[in-house]
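What follows is a short report on a single structure.
Nothing in this text is a laboratory measurement; each read-out follows from the coordinates by a stated rule. Since the structure is predicted, the reported quantities are computational estimates derived from the model, not experimental observations. Please note: Cβ atoms are built from the backbone with ideal geometry, for glycine as well, and neighbour counts cover all protein chains shown.
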């Protein structure tokens, strides 16, 4: 009986150990140790390396670690076919790896040979299904990044090869402007309007000052006759808006010149374009500290486009809080912040609303809102120190009133 009990106990213990072992190995089994050791294991096993290049502040990185790398199908595929490794690109050895592999965006999903060469790469979140497909592509010597690059280098004046390589670079968050420039410099301008080259212009060319884009703008009527006016004007709008967005924050003085150039084209604008232009105007007005005009434009933006967008409402309400003292404008800002909280009562929105209420002299409601913001923030793991400091000021104000 004792032996039987011991035997049962042993079996139960073994089962428990198996259960613990299985739990510990749930998800992708990432290697520990140095990258050199991972390369050595790749040589020994004959498996290429998958490296998750991440940072601690990257939300999509955390999402992949939480819901993709732990997926059973993903784990089975990657543990079978790759030596898996992860490295923080802002710490220790990760700093050198980031330079070596030109990591510019996160998460960066790298597939590396045992010799340390890139086989395949992409940047950005992938769901479980797409992540498995990504691994399959990395194992396909004819379809992966390495192959696309070699095919381009062997025939850099072919539209299909140049386009495929530019797309691969874009998907990896790597610059591809030079590839586009070299390609269009290798062909004649009469070829710029072919269907394959229109696809490159429509989907990839983003340099306003490039030879091909300047040709495109000057000959937009010709492109419109071939591919439709709406598509042509949509692409010009997209590229100009991207340039305006880059310019408005860095060199607001140059923005006015670029905007005048854009306006002279007199393009048709869809709702998305119109909304972006209004938002850009708000940034310009903020730089110029023209708060009276800011109020007018912000009110127009709310009524036309963002009355149900909590993030956008919170953003313009906060700008008003920081820069405007006019009572009428602050009353509007209070409404914007209140609407933002009604749509999405999260920490940032509640914090803005509490600040505006306090500024508008509504201390009792400001206190209640600040307390709610702090509770929501702590639950979400946010740093609530500034809201707690605000609450202290509100309490002091209420004490004085008593």
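Would you please put 360-370, 213-223, 309-319 in order of how densely packed they are, using the mean number of other Cβ atoms within 10 angstrom per residue and starting with the highest?
Ranking the peptides 360-370, 213-223, 309-319 by packing returns 309-319, 360-370, 213-223.
Please compute one quarter of the surface area of the Cα convex hull for the range 78-155 and express it in square nanometres.
In nm², the orientation-averaged hull projection of the range 78-155 is 5.9.
At 0.36 nm per residue, and after removing the present C-alpha to C-alpha distance, how many nm does the segment from residue 393 to residue 34 gain when stretched out fully?
Details: separation 359, 0.36 × 359 = 129.24 nm, distance 5.05 nm.
Full-extension gain reported as 124.2 nm.
Have a look at the range 89-207 and give its Rg and Dmax from the Cα atoms, expressed in angstrom.
15.7, 52
For residue 113 and residue 278, FRET efficiency with R0 = 41 Å and r from the beta-carbon atoms, rounded to 0.05?
After rounding to 0.05, the efficiency reads 0.25.
Report, please, the projected area of the range 270-329 averaged over directions, based on the convex hull of its C-alpha atoms, in nm². The partial results should precede the final answer.
Working: hull surface 15.4 nm².
That works out to 3.9 nm², a quarter of the Cα hull's surface.
Rounded to whole Å, give me the distance from the Cα center of the range 330-381 to that of the range 136-162.
53 Å
Take the Cβ-Cβ distance between residue 129 and residue 400 as r, set R0 to 41 Å, and report the resulting FRET efficiency rounded to the nearest 0.05. Before the final figure, lay out the partial values.
Working: r = 60 Å, r/R0 = 1.47.
So the FRET efficiency works out to roughly 0.10.
Beyond 17 Å, what percent of the Cα pairs of the range 139-277 remain?
Of all Cα-Cα pairs in the range 139-277, 63 percent lie more than 17 Å apart.
For the range 307-402, what size does the Cα cloud have along each of its three principal axes, sorted from largest down, in whole Å?
Here the spans come out as 37, 35, 19 Å, largest first.
So what's the projected area for the range 247-366, the Cα convex hull averaged over all directions, in nm²?
7.8 nm²
Please work out the C-alpha center-to-center distance from the range 209-283 to the range 43-96 and express it in whole Å.
If we compute the Cα centre of each part, the gap is 39 Å.
Nearest 0.05, what FRET efficiency do residue 155 and residue 256 give at R0 = 56 Å with Cβ-Cβ as r? Display every interim value, and only then the final one.
Working: r = 43 Å, r/R0 = 0.78.
Result of the calculation: an efficiency of 0.80.
Subtracting the Cα-Cα distance from 0.36 nm times the residue separation, let me have the gained length for residue 222 to residue 80 in nm, one decimal. Let's see the in-between values first.
Working: separation 142, 0.36 × 142 = 51.12 nm, distance 5.37 nm.
That works out to 45.8 nm of additional length.
For labels at residue 199 and residue 44 in the simple 7 Å Cα→Cβ model, what's the distance in nm?
Result for the modelled spin labels: 4.6 nm.
Any idea what log10 I(q)/I(0) is at q = 0.13, 0.18 Å⁻¹ for the range 26-140, Debye with uniform C-alpha scatterers and no solvent?
Taken in order of the listed q values, log10 I(q)/I(0) reads -0.42, -0.86.
Taking the Cα-to-Cβ direction at residue 289 and at residue 136 and moving 7 Å from each Cα, how far apart do the two end points lie in nm?
Spacing of the two 7 Å Cα→Cβ label points: 6.0 nm.
Using the basic label-point model (7 angstrom from Cα toward the beta carbon), what is the residue 56 to residue 311 distance in nanometres?
It works out to 2.5 nm between the two label points.
Show log10 I(q)/I(0) for the range 178-240 at q = 0.16, 0.25, 0.26 Å⁻¹, two decimals, from a solvent-free Debye sum over equal Cα scatterers.
-0.43, -1.13, -1.23
If each residue of separation counts as 0.36 nm, what is the full-extension length gain between residue 322 and residue 269 once their alpha-carbon separation is subtracted?
Here the answer is 15.9 nm.
Can you compute the helix-only [θ] at 222 nm over the chain? Use -39500 (n - 2.57) per DSSP H run of at least 4 residues, normalise by all residues, nearest 500 deg cm²/dmol.
The per-residue figure over the chain is -21000 deg cm²/dmol.
Which three extents, in angstrom, do the Cα atoms of the range 30-98 have along their principal axes, listed largest first?
Principal extents (largest minus smallest coordinate, Cα): 34, 31, 14 Å.
With Rg and the Kirkwood Rh both taken from Cα atoms, where does Rg over Rh land for the chain?
That ratio equals 1.08.
How high is the relative contact order of the chain, in percent, with contacts defined as C-alpha pairs under 8 Å that are six or more residues apart?
Relative contact order here is 8 percent.
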